[in-house]
Amino acid sequence: MENKLNNIINKSRYITKEGEVATYIPSLGKANSTDLGICIADMEGNIYKSGNYNKKFTIQSISKTISLMLALMDNGKEVVFDKVGMEPTGDAFNSIIKLETIMPSRPLNPMINAGAIVVSSLLKGKDKDEKFSRLLNFMRKISGNDKLDIDEDVYLSEKSTGDRNRAMAYFMKDVGIIEGDIEDILEVYFKQCSIKVDCIDLAKIGLFLANKGIIPGTGEQIVSEHITRIVKTFMVTCGMYNGSGEFAIRVGIPAKSGVGGGIMAAVPHRMGIGTYGPSLDDKGNSIGGYKLLYELSRELNLSIF
Ligand code: GLN
């Protein structure tokens, strides 16, 4: 398998030159645009890896799948989906436009920034620190990596430049979708996006979803099968933002990308996959990671459709 992965990395690396690293969060601009790595964690406990699989990067939007699981466990479906919808948008992940035009007024889904900020506002905890530490501990548990922590530099960079997210959050407070202190809620959101991971961590989180919320090996059910099904469905319909339709046709695997360059993918009953390539396409998806998943899906027949 690792030979296969090496081949796929070698034949895909050229494409990283066709994209660009994100710079709207200034600290992300420091990434090496030609990095490309992959890790597969399968149900039998095997870990296969290749390329820059152990480079650390920030999880960014991939964290939205994890906060959604915790918010659903904390509040139940009715409360969460009263405040955030279930439909793809066709707009960019940070788009603001539909917040005012869609009725009832609420973000269309939890994978766009506005929806994810609502989800973060729903996490339980006595204050922002407890909310974030519950989320971090949950992430540590499902990835099996108790060392996960934030990249302070990226966190501060996003906090000082995240005015579009700030604007959305204040707007949503005005129309009654969000309650509480907006700066506290954004602190939780910016911190969750700044958690440092590598391809192995993402592959293990993907495997956890592929295995219906059970930690493989221990048999411990952490999240209900139903909640993991909701999350995987969002990954199919909204996980690659406004590129999700094409990704479903070309690759056919539930996946979630982040502007840090990661993609976390879950092949039901089979494996979790983590990829890293900080060079992004025009929709904000890792151009190299997309290509790796495309090649792998063809080679191993991974499409769920
Ligand atoms: N932290 C990023 C933001 O809010 C996450 C976006 C992303 O990964 N697409 O803009």
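The values are calculated or read from the model by the stated rules, or taken from the named source; none is laboratory data. It should be emphasised that the depicted structure is a prediction, and the values quoted were computed from it without experimental measurement. Note: ideal-geometry Cβ built from the backbone for every residue, glycine included; neighbour counts use all protein chains shown.
General observations
- Strands (runs of 3 or more DSSP E) completely within region 185-301 that count 1 or more residues being within 16 Å of the ligand (Cβ to nearest atom) and basic (Lys, Arg): 255-257
- Subset of region 89-123 (residues that are of a type in the set (Ser, Thr, Tyr), surrounded by 24 or more Cβ atoms within 10 Å (Cβ to Cβ) and either in a loop (DSSP other than H, G, I, E, B) or within 13 Å of the ligand (Cβ to nearest atom) (or both)): 120
- Positions within region 79-88 being crowded, with 22+ Cβ neighbours inside 10 Å and part of a helix (DSSP H, G or I), in sequence order: 83
- Residue check, residue 147 loosely packed, with under 14 Cβ neighbours inside 10 Å and either touching a strand residue (DSSP E or B) at 6+ places or on another chain (Cβ under 7 Å) or under 23 Å from residue 47 (Cβ atoms) (or both): yes
- Residue match in region 230-239 (condition: small (Gly, Ala, Ser) and out of contact with any strand residue (DSSP E or B) (no Cβ under 6 Å at 6 or more places or on another chain)): no
- Only one entry in 66, 40, 62 is in contact with a Lys or Arg (Cβ under 9 Å, 6 or more places away or on another chain), within 18 Å of residue 255 (Cβ to Cβ) and part of a helix (DSSP H, G or I), namely 62.
- Just one of the listed residues (267, 223) is modelled with pLDDT of 95 or more and either out of contact with any helix residue (DSSP H, G or I) (no Cβ under 9 Å at 6 or more places or on another chain) or surrounded by fewer than 24 Cβ atoms within 10 Å (Cβ to Cβ) (or both), namely 223.
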